[in-house]
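One structure is given below, encoded as structure tokens.
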2 protein chains.
Amino acid sequence: MPDTPDQHQEPVAGGGLLHRRALLVAGALSAGGLATGLKAATGARSPATMLKPGAPLSGVGERAPSAGTIQRIVPSLPFPGTGSSRTPLQLLEGTITPNGLHFERHHNGIPDVAPATHELLIHGLVRQPLLFRYEDLLRYPRESRILFLECSGNSGTIGADTPVQGSAGQLNGLLSCAEWTGVRLSTLLDEAGIAPQARWVQAEGADSAGMTRSVPLSICLDDAMIALFQNGEPLRPEQGFPMRLLLPGIEGNASVKWLRRLKVMAAPAFSRDETSKYSDILADGRAELFSLRMGVKSVILAPSFGLDLKCAGFREISGLTWSGRGRIRKVEVSADGGASWAEAALTGPVLPKALTRFRMAWRWDGGPVTLMSRATDETGAVQPPRSEWLAKYGPGQTYHANAIQSWHVDARGRVSHVYA
Amino acid sequence: MPDTPDQHQEPVAGGGLLHRRALLVAGALSAGGLATGLKAATGARSPATMLKPGAPLSGVGERAPSAGTIQRIVPSLPFPGTGSSRTPLQLLEGTITPNGLHFERHHNGIPDVAPATHELLIHGLVRQPLLFRYEDLLRYPRESRILFLECSGNSGTIGADTPVQGSAGQLNGLLSCAEWTGVRLSTLLDEAGIAPQARWVQAEGADSAGMTRSVPLSICLDDAMIALFQNGEPLRPEQGFPMRLLLPGIEGNASVKWLRRLKVMAAPAFSRDETSKYSDILADGRAELFSLRMGVKSVILAPSFGLDLKCAGFREISGLTWSGRGRIRKVEVSADGGASWAEAALTGPVLPKALTRFRMAWRWDGGPVTLMSRATDETGAVQPPRSEWLAKYGPGQTYHANAIQSWHVDARGRVSHVYA
């Protein structure tokens, strides 16, 4: 054991939070004694796996059965194609969501769109309407970006009178992140030639819900993409194969999947999907439309509901943070219900409009604590307390729920969702 | 069509290479006329997918059957667990390799290692030997990094007398990139307490080849990691589940999979896997040992063998670039067999010891051309011509093959591997 085991374990806030140094400096954890005591004759006996040849090569690899089942969280639905499945965030690490676990939100199921016959039409207030086959788009210049997608209804139960007890994925798993590759939308719009009076673009999917959203032209000319690939592969069917709109930082439903039509217009269409749904009820009773950009947010995944603590001592508090406005500047963590806060480490690249992983060193003393995280993005926007978020909206609001979330750990290590 | 279609299509080198602006500026491609001519009554008729409900939600999503089969390239082997499968690089986009498509290199198959009983021993020149169960390691602080892994034998056929005709994945697919999450090795070594005379660490896997490599202590104390997660999920069995050594920028075999033992030593072990294999035959007949770091390299994936061009006109030249020494500074592309070069765009984040995607705007005139790419990393190291690489090594050398590769496109659009 090191001579001075506590030298890197400087407390930085209440409830056992330690300085980030404890994550980064070698030896910081030695006092924790996390390693198992050394057995006699360890290493002298070869494990059984060394005594026989292993399994062969394969075309496509599968998950290790002994790693446990990791699946999307699929609810029981009256119409099985209309609803959402959630990414099991609390079972994953890092920031990239494997393609098979990317959350789903369908308005009438996943259409089987054939790339050989699918077409994308750009029309409306343009000099020349254009029709693109999948094969045509493959010849355009591409860009690749790591970006999050979040459903506007994610974390919506935070408005409920009592805290819903569910895993971090059940509560917040309408959230995923991937490396998307596609064609910059501005390239195609410019080819069609945008008329001077154009201000909006209506996007329509080839699903049987005819999912339709209006998007400001400014967003379409900024960093919008027609995505064709997801983490290297062609898009998955549930993510819009063969092509989808992808609007970085914007609520997920506006990134219309199975994209078949973009109509350039002077005003929004006020379609069903942006009036009966996906508009926000404000505290004064008015509805806010086109509140498209996702707010600054963070959520603690370890520990969280369902992942109870087995013993006191050192562990890492870890979670995800993101903002539709750009990069995350900092995440603060509290282990005493908000009385004191300390800044977490952001590990991995901090990319704009992408998930970022935060980590906080923590020594749990075995007593009850309440854990919270609070993100600030590069524009200075700060994740609001629940009370502040509630005060902005009317009853029943479930969209754009970016309020601070709290997990309570009791003296037995059980984790529950609380309002703090 | 824009009034001045050619304004962004400035030639920058021979063979039709265009300025990077053509990738980045809207409207640059308009003169290409890539969009399909508009049909009468387009958009008035709904596609069949809009007339019936689609498929339901699911726990784990699958690839679209109509996206075509994308699999690792698996050779026919006398011992099916001893060899390698390759990532089909030419069929993928961006930089992240989906977990099921990460290349494999096994020395005697994939062991079925149970996380509940697997142990990692750190011993040798340490103050106190330590034994870690998987569960122990899960309590240590973690870090996440996007990193490439490349087999030291990747692209080894470039030394052959005549150019091997194979896809970019067949020739160069012992290469993948993922977001890895794990525990910094220096944390564990420091806990064990390294003796003053220690200089090397020998790593051993729990496979039946007893794969064993010696690694300089300096690398282990720098950015080495015990990886536990790969693109969010627990490691795949063929990537070392439940834990592997991960040495950023170092030849893949040294990142020992199914890691069970790290022995701290004063000198290398000179094990079978670093003497009979994985050493380099130099031109003067001597063998260079422990040439662990992978060189600066790039490879063009589009176009490449098997992906013939169907027509003249605009398209993107695209590929991957990487260096074991850090970030890529630039990639230059030639479309006239090396007579003239122009700098490609690096799209996406340019991360150290990770794959980076490069893209070059190109107008193919329909005549024969020879395409090449040449990478330079942040240390100033430049990818060598084949002749320079050959001159360094003796006959039969297949490791650390980072020479410039060339694709010839003939007047019918057929792509072949050539030495230029």
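When all alpha-carbon pairs of region B:178-303 are counted, what percent fall beyond 18 Å?
Summing the P(r) tail past 18 Å for region B:178-303 gives 56 percent.
In chain A, how many lysine pairs have Cα atoms under 30 Å apart, counting only pairs 8 or more places apart or on different chains?
Value for chain A: 18.
How shielded is B:123-133 by partner chains, expressed as the average number of their Cβ atoms within 10 Å of its Cβ atoms?
Partner-chain Cβ atoms within 10 Å, mean over residues of B:123-133: 3.
Give a quick list of GluC sites (Glu not before Pro) in region A:274-347 that DSSP marks as loop, anything other than H, G, I, E or B, with at most 12 other Cβ atoms within 10 Å.
Passing both the DSSP loop test and the Cβ count: no residue.
Find the percent of Cα-Cα distances in region A:343-420 that exceed 20 Å, and round it to a whole number.
48 percent
Which trypsin sites (Lys or Arg not before Pro) in region A:308-364 sit in a loop by DSSP (not H, G, I, E or B) and have at most 15 other Cβ atoms within 10 Å of their own Cβ?
Hits after loop and neighbour filter: A:K310.
Return the whole-Å distance between the Cα centroid of region B:222-274 and the Cα centroid of region A:296-336.
28 Å
Calculate I(q)/I(0) for region A:104-281 by the Debye formula, one identical point scatterer on each C-alpha and no solvent, and give its log10 at q = 0.14, 0.15 Å⁻¹ to two decimals.
So the normalised log intensities work out to -0.74, -0.84.
I'd like the distance between the alpha-carbon centres of region B:340-367 and region B:197-215, rounded to an integer number of Å.
Centre-to-centre (Cα) distance: 38 Å.
Let me know the Kirkwood hydrodynamic radius for the protein assembly as shown, please, with Cα pairs as the basis and the value in Å to one decimal.
Details: mean 1/r = 0.0356 Å⁻¹.
Averaging 1/r across every pair of different Cα atoms and inverting gives 28.1 Å.
Quick one: what are the phi-derived ³J(HN,Hα) couplings along region B:90-100, Karplus 6.51/-1.76/1.60 with θ = phi - 60°, whole Hz, x for glycine and proline?
Going residue by residue, I get 6, 9, 10, 10, x, 10, 7, 8, x, 4, x Hz, with x marking Gly and Pro.
From other protein chains only, count the Cβ atoms within 10 Å of every residue's Cβ in A:143-152, then give the mean.
Per residue, the average neighbour count from other chains is 3.
Length gain on complete extension for the stretch A:D284 to A:R45, per 0.36 nm per residue less the alpha carbon to alpha carbon distance?
78.8 nm
Give me the percent relative contact order of chain A, please, defined on Cα pairs under 8 angstrom at least 6 residues apart.
The normalised contact order for chain A reaches 18 percent.
Averaged across the residues of B:65-72, what count of C-beta atoms belonging to other chains lies within 10 Å of each residue's C-beta?
Rounded to a whole number, the mean comes out at 5.
How far apart are the A:A287 label points across copies, placing each 7 Å from Cα toward Cβ, in nm, shortest first?
Those separations, rounded to one decimal, come out as 7.6 nm.
Could you pull out the trypsin sites (Lys or Arg not before Pro) across region B:386-417 that fall in loop regions by DSSP (anything but H, G, I, E, B) with no more than 12 other Cβ atoms inside 10 Å?
Filter output for region B:386-417: B:R412.
Keeping all protein chains in place and using 1.4 angstrom, which order do A:R286, B:R260 fall into by accessible surface area, from largest down?
Numbers: A:R286 150, B:R260 25 Å².
Output order, biggest surface exposure first: A:R286, B:R260.
Solvent-accessible area of B:D190, probe 1.4 Å, all protein chains present, reported in Å² to the nearest ten, please.
60 Å²
Evaluate Rg over Rh across chain B, taking Cα atoms for both radii and Kirkwood's formula for Rh. Numbers along the way, then the final one.
Numbers: Rg = 23.8 Å, Rh = 23.4 Å.
Rg/Rh for chain B comes to 1.02.
Taking amide H positions as placed 1.01 Å from N in the peptide plane, with prolines and chain starts having none, which residues 5 or more places from A:W180, or on another chain, fall under 5 Å of its amide H?
Close amide H contacts, sequence-distant or interchain: A:R145, A:I146, A:L147, A:N231.
If you average the sequence gap of Cα pairs under 8 Å that are 6 or more apart and divide by the length of region B:67-149, what percent do you get for the contact order?
Over region B:67-149, the number comes to 21 percent.
So for each of B:77-84, A:344-351 I average, over its residues, the number of other beta carbons within 10 Å; can you give me the resulting order with the highest mean first?
Most protected by this proxy first, the peptides run A:344-351, B:77-84.
Would you please put B:48-55, B:152-159 in order of how densely packed they are, using the mean number of other Cβ atoms within 10 angstrom per residue and starting with the highest?
Per-residue Cβ counts within 10 Å, averaged per peptide and sorted highest first, yield B:152-159, B:48-55.
On the full set of protein chains, 1.4 Å probe, figure out the accessible area of B:S46 and give it in Å² to the nearest 10.
Its accessible surface works out to 60 Å², give or take rounding.
Could you work out the mean projected area of the convex hull around the alpha carbons of region A:267-420, in square nanometres to one decimal?
Mean projected area of the Cα convex hull: 10.5 nm².
Sort A:S76, B:S66, B:S406 from largest to smallest accessible area, using a 1.4 Å probe on the heavy atoms of the protein chains.
Order by accessible area, largest first: A:S76, B:S66, B:S406.
Per residue of region B:160-172, in order, report the coupling 6.51 cos²θ - 1.76 cosθ + 1.60 (Karplus, θ = phi - 60°) as ³J(HN,Hα) in whole Hz, putting x for Gly and Pro.
Per-residue couplings from phi come out as 5, 4, 10, x, 5, 8, x, 5, 4, x, 4, 7, 10 Hz.
For region B:233-242, take each phi angle, set θ = phi - 60°, evaluate the Karplus expression 6.51 cos²θ - 1.76 cosθ + 1.60, and give the result in whole Hz per residue in order, putting x for glycine and proline.
Ordered by residue, 3J(HN,Hα) equals 8, x, 3, 6, x, 6, 10, x, 3, x Hz.
Tell me, what is the FRET efficiency for A:D308 and B:A411 to the nearest 0.05, using R0 = 51 angstrom and their Cβ-Cβ distance as r? Could you put the intermediate results ahead of the total?
Details: r = 68 Å, r/R0 = 1.34.
So, using R0 = 51 Å, E works out to roughly 0.15.
Keeping every protein chain in place, order B:S176, B:S387 by accessible area at 1.4 Å, biggest value first, i.e. largest first. Display every interim value, and only then the final one.
On the way: B:S176 0, B:S387 85 Å².
Order by accessible area, largest first: B:S387, B:S176.
Restricting to DSSP H runs of at least four residues, report the calculated mean residue ellipticity at 222 nm for the protein assembly as shown, -39500 (n - 2.57) per run over all residues, nearest 500 deg cm²/dmol.
-1500 deg cm²/dmol
The values are calculated or read from the model by the stated rules, or taken from the named source; none is laboratory data. Only a predicted model underlies this, so the values are computations on that prediction, with no experimental measurement involved. Methodologically, a virtual Cβ is constructed for each residue, glycine included, from the backbone with ideal geometry; neighbour enumeration extends over all protein chains shown. Only protein heavy atoms, including side chains, enter the accessible area calculation; ligands, DNA and RNA are left aside. Shrake-Rupley method; radii C 1.70, N 1.55, O 1.52, S 1.80 Å.
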